[in-house]
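Note sheet for the following structure.
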Amino acid sequence: MFEIVKSGGIFMVPIILSSVIAAAIFFERLWTLQRQRVVPVELAEKVWRWVESDQLQDKHIAALAQSSPLGQVLAAGLANRARDRLIVKEAIEDAGRHVIHELERFINALGTIAYIGPLLGLLGTVSGMIQTFSDISAEGVGNPQVLASGISEALVCTASGLIVAIPALIGYRYLRARIEDLVIAMEKEAIKLVQAIDARQADGGRAPGAGREAAV
């Protein structure tokens, strides 16, 4: 195995490094983007109970913001629950943008590796062909062993670049789809929160802490 890698020449170094980085990014994001870690079901149910029973306090909101990405979004809305509906929506949208940015961390790097993998392989191929023609100029075509090194470098680099790029592209697409699914789930919970706040205001109920905020 080492001899095959060695035959690929110097361009095997960035190809192998890219494969290691791509694997690290994929498995780190796979762990981070678990649905229960991003959109925990019991968290949303707990928030609804707080809202419906008027038990919501500032310490609950602070803990909620630290609990999960969904918690950050819901906490932003609850922190502005005594204000106008438009302000609540803007706060949720702003928090959502920050959460999405965190969910997409390193994803672009994985996509870049998927894109440059074949290019690195092509670069190694070109290098191998240059070496081959240099050997032909120096030794002629009578001895196949003279040409083996350059041809081996070209073929190994091409194959290695594709071996890195194909899984990286699959991983990139998969993680993108997972993020979109999680974002949709968070949007649904945020909409439920806005509707719950609207319903309480329509019933004439005062959001917890509204009197205190008004006095300030």
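Structural remarks
Quick grid of which residues meet (1) modelled with pLDDT under 90; (2) of a type in the set (Gly, Ala, Ser); (3) surrounded by 13 or more Cβ atoms within 10 Å (Cβ to Cβ):
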| position | (1), (2), (3) |
| --- | --- |
| 131 | yes, no, yes |
| 138 | yes, yes, no |
| 143 | yes, no, no |
| 178 | no, no, yes |
| 199 | yes, yes, no |
| 208 | yes, no, yes |
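- Test: residue 29 is among the basic types (Lys, Arg) and over 19 Å from residue 196 (Cα atoms): yes
- Sub-6 Å Cβ pairs linking a first residue in the stretch 43-69 that is charged (D, E, K, R) to a second residue that is modelled with pLDDT under 75, at least 6 apart or interchain, are 54/208, ordered by first then second residue.
- Evaluation of residue 112 against (1) at pLDDT 90 or above; (2) under 30 Å from residue 44 (Cα atoms) (one fails), failing number: (2)
- Lone qualifier among 74, 70 - being buried (at least 19 other Cβ atoms within 10 Å of the Cβ), modelled with pLDDT of 75 or more and within 29 Å of residue 111 (Cα to Cα): 70
The values are calculated or read from the model by the stated rules, or taken from the named source; none is laboratory data. Treat the numbers as computed from the prediction; the structure is a model and nothing was measured. Here the Cβ is made from the backbone with ideal geometry for all residues, glycine too, and neighbour counts use every protein chain on show.
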